[in-house]
1. When only the heavy atoms of the protein chains count and the probe is 1.4 Å, how do Glu29, Glu302, Glu140 rank by accessible area, highest first?
2. So, with a 1.4 angstrom probe, what is the percent of accessible area on segment 181-255 that is carbon and sulfur?
3. So, taking all protein chains as they sit and a 1.4 Å probe, how much accessible area belongs to Tyr296, in Å² rounded to tens?
4. To the nearest 10 Å², what's Val155's accessible area with a 1.4 Å probe?
5. Evaluate the distance, in nm, between pseudo-label points positioned 7 Å from the Cα of Asp49 and of Glu294 along their respective Cα→Cβ axes.
6. Would you calculate the separation in nanometres between label points at Asp96 and Gln5, each defined as 7 Å from the Cα along the Cα-to-beta-carbon direction?
7. Using the Karplus equation 6.51 cos²θ - 1.76 cosθ + 1.60 (θ = phi - 60°), what ³J(HN,Hα) coupling, rounded to whole Hz, does each residue of segment 163-170 give in order, writing x for Gly and Pro?
Amino acid sequence: MLRVQTSPFIQEIHSPWILPEIRLFIKREDVLHVMVSGNKWRKLSKNLDQAKKAGAQTLVTFGGAYSNHIYATAAAAREAGFSSAGIIRGDELSADNFTLRSARNMGMDLIFTDRTTYRDKQRLVERFRDRWESPYFLPEGGTNCLAVEGCREIVNEEVRDMDVVAVPAGTGGTMAGIIAAMPENKKVLGFSALKGNFLENEVQRLLDECAVKSRADWEVIDDDHTGGYARVTAELLHFISEFKAENNILLDPVYTGKMMLGLKKMIQAGAFRKDTKICAIHTGGLQGWNGMKERYGIEIPE
Ligand SMILES: *Cc1c(COP(=O)(O)O)cnc(C)c1O
């Protein structure tokens, strides 16, 4: 129901930090759709089919003020003929940013909650349920088992042939889908965009809950050096603009940039055997640059 605008393709990366005995590729999921980019398209697609089947009229979800998921849900709802609503963490003042302005312009009904209220999603659902006719609730970040199912489709024959798949992780839903689709003896590396070491448990919980049977090996890398979610360092920004100059591919500062910088460090530290073929997933999220520019004056690398 959500139309693909451009089919994702795989290209080889030729940055000078790639050791000669390693091959690094990138799967361009960022090109799937201009508005609903990358993994958010994969996560929403089956949920939208389900919402339509259930006769739902409004997609309701949760997120922070700069959330790629909020932005993607607003765009996907509009395209697929639903109304949309977003319950936002933080006060009304944050409404004046690119992400929320765009969501509102795409017709999303925004509800602002303070951080404490925001934590209890079940209560929020009960409190606001009557505001919408036939709502379909999507969890924060869009991760549920239908989303995991949708993310399996990131893995095509070419990706299955790789030795290692690298993916950025927030809730871990995308990673779980990739694990589900990868064969035995292959490895999935999830690079956490958040501080803390909860993600491994979270991914395991998702694999169990969604009854994923997979024999692929997987590991969460959570030694983020940038100081936490949506934090950027000079090193990260410099890396992203170098990568853009070398490969003409723009990474985002919250997810894919951190993943690629993490991969660079692992490759240079000799973490991969000779002749390893690695495929990194460009999960999209480039709308996030607009928020970086508004908040910190950080320009999108040319
Ligand atoms: C949301 C997002 C992620 C994280 O996906 P999860 O399924 O929550 O782990 C990764 N990359 C980008 C660009 C995203 O927008």
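The values are calculated or read from the model by the stated rules, or taken from the named source; none is laboratory data. Note that the coordinates shown come from a computational prediction; the quantities given were computed from them, not determined experimentally. Every residue, glycine as well, gets a Cβ built from its backbone with ideal geometry; the counts of neighbours run over all protein chains shown. Note: accessible area is taken over every heavy atom of the protein model, side chains too, but ligands, DNA and RNA are not part of it. Shrake-Rupley method; radii C 1.70, N 1.55, O 1.52, S 1.80 Å.
1. Descending accessible area places them as Glu302, Glu140, Glu29.
2. The C+S portion of the solvent-accessible surface of segment 181-255 is 45 percent.
3. About 120 Å², ignoring ligands and nucleic acids.
4. Roughly 20 Å² of Val155 is accessible to a 1.4 Å probe.
5. Each label point is offset 7 Å from its Cα along the Cβ direction, giving 3.4 nm.
6. Between Asp96 and Gln5, the label points sit 2.9 nm apart.
7. Values, residue by residue: 7, 10, 10, 10, 8, x, 9, x Hz.
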